[in-house]
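Peer 1: Attaching a single structure in structure tokens format; questions to follow.
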Amino acid sequence: MRAMLALTKASLTALFRNPSAVIFNLLFPLIFIIVFGFISGGSFRIDVAIDSSSDMNNPIIESLSQIKSVNIVKGKTDAEIASEFSKGRIDGLIKVTKDPSGNPQFVAELKTTSASPEFGAMLRMILNQVIDKQNLAINPTGRSFAELKEQVVEGRKFKTIDFILPGQLGFSLLSAGVFGTAFIFISLRQTLVIKRFFATPVKKLYIIISECLSRLTFSMMSAIIIILIGALFFGFTLVNGFTTFVNMLLLSIIALTVFLGFGFVVSGIAKNESSVPAIANLITLPQFLLAGTFFPISNFPEWLQPVSKVLPLTYLNQSLREISFEGATILDVLPSIGILLAWGVVVYAIAVKVFKWE
Amino acid sequence: MDLKKIIEVKNLIKKYGDFTAVNGISFDVKEGEIFGLLGPNGAGKTTTLEIMETLREKTSGEVFIDGLSVDKDSNAIKGIIGVQLQAAGYYPNLHLSELVELFAGLYNVDVNPDEMLGIVDLNEKAKSKYKDLSGGQKQRFSICTTLINDPKIIFLDEPTTGLDPQARRNLWELVRKIREKGTTVMLTTHYMDEAEYLCDRVGIIDKGLIITIDTPDNLIDDLISKGFSKQREQKLASLEDVFLKLTGHELRDE
């Protein structure tokens with residue numbers, strides 16, 4: 001136990017003195033966040049179609065059409081709309097009807113698609129906000145509960161940062177897991193540090209566990225910094241404040257543990273330090289591009305989407321967004337965690353086979 | 001010396017595929033002595049040492065360290081020995097004092113890093129990194145890490161290879177100092193002057209076989225008694241004496 005703590009402490013101290021670890025874990029994602037933080041609002045568009053049976057002249061649709069990031073799709077047949085909707089090119093379908101009772105005046109039905117979960121969620125928020133505003137306007141006496149709701153909704157305006165930050169956090173965890181672990185084990189092996197450890201009574205397993213603990217601690221610190229900077233300076237949405245923050249960190253720990261397994265595999269396969277980047281990039285780069293780090297995967301051509309839907313990072317990114325923006329908890333994203341863990345089982349099984357001590 | 005045998009090696013064999021690195025060697029090391037394993041490169045010195053250090057599996061034979069078998073009690077053995085490897089690295093980016101603390105953790109003992117570094121005269125380098133040390137300092141630090149668990153035996157694998165004459169002499173004094181505290185020292189070397197100066201007994205090993213074991217004096221006397229004499233008359237000083245006279249005994253750091 002003491003040996004493990006000593007090793008963890010040593011490894012962590014070394015990590016903090018290693019400029020590339022700090023750069024890749026922290027600076028790299030922060031730069032992206034800052035860049036995207038400053039160009040917020042401009043780059044995405046939610047496509048909404050109005051159901052043909054819908055009442056067209058009502059304040060809900062009117063307000064919706066005034067929101068910059070919402071694009072109301074016009075001039076398409078029902079069949080075209082249905083087809084595009086199923087592929088996620090249209091993010092939501094709205095049908096507004098007059099309620100015969102007159103109270104409420106209108107009933108708005110929103111259909112979103114799992115093909116575009118991120119934008120569907122955004123649309124739900126936006127629509128809620130619009131309806132709440134209308135509620136208030138129509139009912140000037142304003143029940144106190146409605147006012148409260150309006151405020152919450154106001155705070156949940158979906159910004160670019162709400163999309164970018166979880167993606168960057170996810171990718172930072174992936175690269176920390178893969179590159180970090182692979183490099184450190186290869187270098188400890190090649191510089192015979194491990195051999196020297198073997199001449200002491202420390203158990204082999206402790207060496208691995210300590211490295212993992214140190215990585216986890218280090219990456220969680222970066223995650224905390226990334227989230228806090230996002231929240232404080234770029235208005236990153238943490239729906240339920242601290243609870244959301246804790247849930248994000250818990251999910252990050254699970255995901256990083258899985259990603260560390262990739263690192264062990266790479267350290268086992270790579271012959272020396274210089275072959276690490278090639279192999280590690282093979283694992284991280286496709287996920288960087290395809291797992292919804294920068295763009296929603298619904299933006300990709302259809303044939304590419306199944307690939308995205310296999311990658312573990314996709315599920316981490318998606319769950320992080322659900323937690324941060326929709327207020328989901330760890331329990332709500334269990335299916336995604338299940339897929340991450342399934343990857344974990346596969347990866348660790350390979351790691352056990354290929355891992356080398358000497 | 002009627003001291004107890006602290007290391008016993010019996011019929012030790014190590015094969016790598018078809019190649020036999022160690023071919024049935026036997027020897028004992030007595031408690032408190034400095035025992036040297038001498039031999040040319042590739043003679044099997046390091047392999048023998050690493051089997052004793054429980055870092056390498058043997059093919060057959062028996063090895064006991066302080067009565068413990070390398071087969072069954074490797075972990076207990078690791079706790080009572082200190083090991084300096086011929087080539088080893090230390091955790092990157094850490095200061096010497098942090099490395100000492102790390103090893104203290106690995107051995108589960110409490111030490112004062114400054115005191116430990118003091119033994120090998122590296123106090124001034126407590127905040128330096130291993131990779132920034134000179135050759136002699138590196139070897140001294142390696143020896144420092146072997147002492148952390150207050151071991152009964154330390155193993156030094158070619159501790160002075162590549163050092164300048166000043167650093168070698170400095171290290172010899174360090175090894176003697178360690179032995180004076182009662183630690184048994186087992187070392188390998190291919191420098192005969194080193195063995196002659198340091199070792200109580202030496203075993204000469206070649207091609208995986210021990211050729212002879214005795215004190216350096218006995219071995220020399222034995223050779224002379226067989227009528228051996230040097231081709232050239234021995235001078236009263238060597239070139240190394242000249243070098244040291246001219247450059248002094250102080251360490252160069254280096």
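Peer 1: So who's got an amide H within less than 5 Å of the one on A:Ile90, skipping anything under 5 residues away but keeping other chains? H placed 1.01 Å off N, in plane.
Peer 2: A:Phe85
Peer 1: Once you have the alpha carbon radius of gyration of chain B, what is it after dividing by 2.2 N^0.38 Å, with N set to its residue count?
Peer 2: Compared with the compact-globule rule of thumb, chain B sits at 1.05.
Peer 1: Right, another one. Starting with the fewest neighbours, write out A:Met221, A:Met125 ranked by other beta-carbon atoms found within 10 Å of each beta-carbon. Could you put the intermediate results ahead of the total?
Peer 2: Details: A:Met221 15, A:Met125 19.
Ranked by crowding around the Cβ, least crowded first: A:Met221, A:Met125.
Peer 1: Now for a separate question. List B:Leu236, A:Leu192, A:Leu15 from most exposed to least, where exposure is judged by having the fewest other Cβ atoms within 10 Å.
Peer 2: Ranked by crowding around the Cβ, least crowded first: B:Leu236, A:Leu192, A:Leu15.
Peer 1: So if R0 is 45 Å, what FRET efficiency would A:Lys203 and B:Met192 give, r being the distance between their Cβ atoms, rounded to the nearest 0.05?
Peer 2: Given R0 = 45 Å and the Cβ-Cβ separation, E is 0.65.
Peer 1: Hey, with R₀ at 22 Å, roughly what FRET efficiency would B:Val242 and B:Glu173 work out to, going by the Cβ-Cβ distance, to 0.05?
Peer 2: Efficiency for this residue pair is about 0.60.
Peer 1: Could you check the simple spin-label distance between B:Arg56 and A:Ser52, using points 7 Å along Cα→Cβ, in nm with one decimal?
Peer 2: 8.3
Peer 1: Still on this model: In segment B:50-184, what % of DSSP beta bridges are antiparallel (nearest 5)?
Peer 2: Among the beta bridges of segment B:50-184, antiparallel pairing accounts for roughly 40 percent.
Peer 1: Take the alpha carbon gyration tensor of segment B:1-75, find the square roots of its eigenvalues, order them as a ≥ b ≥ c, and report rounded if a/c is under 1.5; if not, report prolate when a/b exceeds b/c, else oblate.
Peer 2: oblate
Peer 1: Taking the Cβ of each residue in B:Val9, A:Val130, B:Val111, A:Val266 as the centre, tally the other Cβ atoms inside 10 Å and list the residues starting with the fewest.
Peer 2: The most exposed by this proxy come first: B:Val111, A:Val130, B:Val9, A:Val266.
Peer 1: Find me the longest stretch of chain B that has none of the exposed trypsin sites (Lys or Arg not before Pro), where exposed means in a DSSP loop (not H, G, I, E or B) with at most 14 other Cβ atoms within 10 Å.
Peer 2: With trypsin sites (Lys or Arg not before Pro) excluded where exposed in loops, chain B gives B:5-71 as its longest stretch.
Peer 1: Same structure, new question: Given Cβ point charges of +1 (Lys, Arg) and -1 (Asp, Glu) and nothing else, what value in debye, to the nearest 20, does the dipole of segment B:111-254 about its Cα centre take?
Peer 2: Roughly 240 debye for segment B:111-254.
Peer 1: Here is a follow-up. Taking only complete DSSP H runs, can you tell me which helices of chain A stretch 15 Å or more along their own long axis by Cα positions and average at least 0.0 on the Kyte-Doolittle scale?
Peer 2: Details: long enough: A:2-16 (21 Å, 1.10); A:28-38 (16 Å, 2.79); A:117-138 (31 Å, 0.36); A:144-155 (17 Å, -0.19); A:160-175 (22 Å, 1.13); A:204-233 (44 Å, 1.77); A:242-269 (40 Å, 2.09); A:276-290 (21 Å, 1.59); A:312-326 (20 Å, -0.33); A:334-354 (29 Å, 2.00).
Helix filter hits for chain A: A:2-16, A:28-38, A:117-138, A:160-175, A:204-233, A:242-269, A:276-290, A:334-354.
Peer 1: Moving to a separate point now. Mind telling me which of B:Leu219, B:Leu174, B:Leu244 comes out most flexible in a GNM of chain B, alpha-carbon contacts under 10 Å?
Peer 2: Looking only at B:Leu219, B:Leu174, B:Leu244, the largest GNM fluctuation is found for B:Leu244.
Peer 1: Separate question: Over 29 Å between C-alpha atoms is what I'm after, so list which of B:Lys207/B:Lys235; B:Lys152/B:Lys245; A:Lys356/B:Lys14; B:Lys72/B:Lys131; A:Lys271/A:Lys309; A:Lys271/B:Lys58 land there.
Peer 2: Exceeds cut-off: B:Lys207/B:Lys235; B:Lys152/B:Lys245; B:Lys72/B:Lys131; A:Lys271/A:Lys309.
Peer 1: Give me the inter-chain shielding for B:87-99: mean count of other chain Cβ atoms within 10 Å, whole number please. Before the final figure, lay out the partial values.
Peer 2: Working: counts 4, 8, 10, 6, 12, 10, 10, 6, 2, 0, 0, 5, 1.
Mean shielding by partner chains, rounded to a whole number: 6.
Peer 1: With a cut-off of 8 Å between alpha carbons and a minimum separation of six or more residues, what is the relative contact order of chain A in percent?
Peer 2: Relative contact order comes out at 21 percent.
Peer 1: Hey, another quick one. Within 10 Å of each Cβ in peptide A:184-193, how many partner chain Cβ atoms are there on average? Round it to a whole number, please.
Peer 2: Per residue, the number of nearby Cβ atoms from other chains is 3 on average.
Peer 1: Apply the Debye scattering formula to chain A, with a single equal point scatterer on each alpha-carbon and no solvent, then give log10 I(q)/I(0) at q = 0.07, 0.10, 0.13 Å⁻¹.
Peer 2: The Cα Debye sum returns log10 ratios of -0.37, -0.68, -1.00.
Peer 1: Which whole-number percent gives the relative contact order of segment B:135-254, counting Cα pairs below 8 Å spaced six or more residues apart?
Peer 2: Value for segment B:135-254: 24 percent.
Peer 1: Right, next: Using 1/(1 + (r/R0)^6) with R0 = 35 angstrom and r between the beta carbons of B:Glu31 and B:Asn123, what's the FRET efficiency to the nearest 0.05?
Peer 2: Efficiency computed from Cβ-Cβ geometry: 0.70.
Peer 1: Just checking the output field for A:249-256: average partner chain Cβ neighbours within 10 Å of each residue's Cβ?
Peer 2: For peptide A:249-256, the averaged partner shielding equals 0.
Peer 1: Next question. Note down the Stokes-Einstein diffusion coefficient of the protein assembly as shown in µm²/s, whole number, using a Kirkwood radius over alpha carbon pairs, 25 °C, and 0.890 mPa s.
Peer 2: Diffusion coefficient, whole number: 84 µm²/s.
Peer 1: Kindly provide the pair-distance distribution of segment A:153-238 built from C-alpha pairs, with 5 Å bins from 0 and whole-percent values in order of increasing distance.
Peer 2: In order of increasing distance, the bins hold 3, 13, 18, 17, 12, 10, 9, 7, 6, 4, 2, 1, 0 percent.
Peer 1: Between segment A:223-290 and segment B:168-189, how far is it from one alpha carbon centroid to the other, in angstrom?
Peer 2: Value for the Cα centre distance between the two parts: 49 Å.
Peer 1: Need one number: nm distance between label points at B:Glu8 and A:Ile224, each 7 Å from Cα along Cα→Cβ, rounded to one decimal.
Peer 2: In this crude label model, B:Glu8 to A:Ile224 measures out at 5.6 nm.
Peer 1: Which net charge results when you count Lys and Arg as +1 and Asp and Glu as -1 among the other residues whose beta-carbon is under 15 Å from that of B:Val109?
Peer 2: So the surrounding residues net to -1.
Peer 1: Hey, what did segment B:1-108 get for relative contact order, percent, Cα under 8 Å, at least 6 apart?
Peer 2: 25
Rule-based calculations on the coordinates, nothing more; no lab input. A quick note: this is a predicted structure, and the numbers were derived from the prediction, not measured. For neighbour counting, all protein chains shown are included, and Cβ atoms are generated from backbone atoms with ideal geometry for every residue, glycine included.
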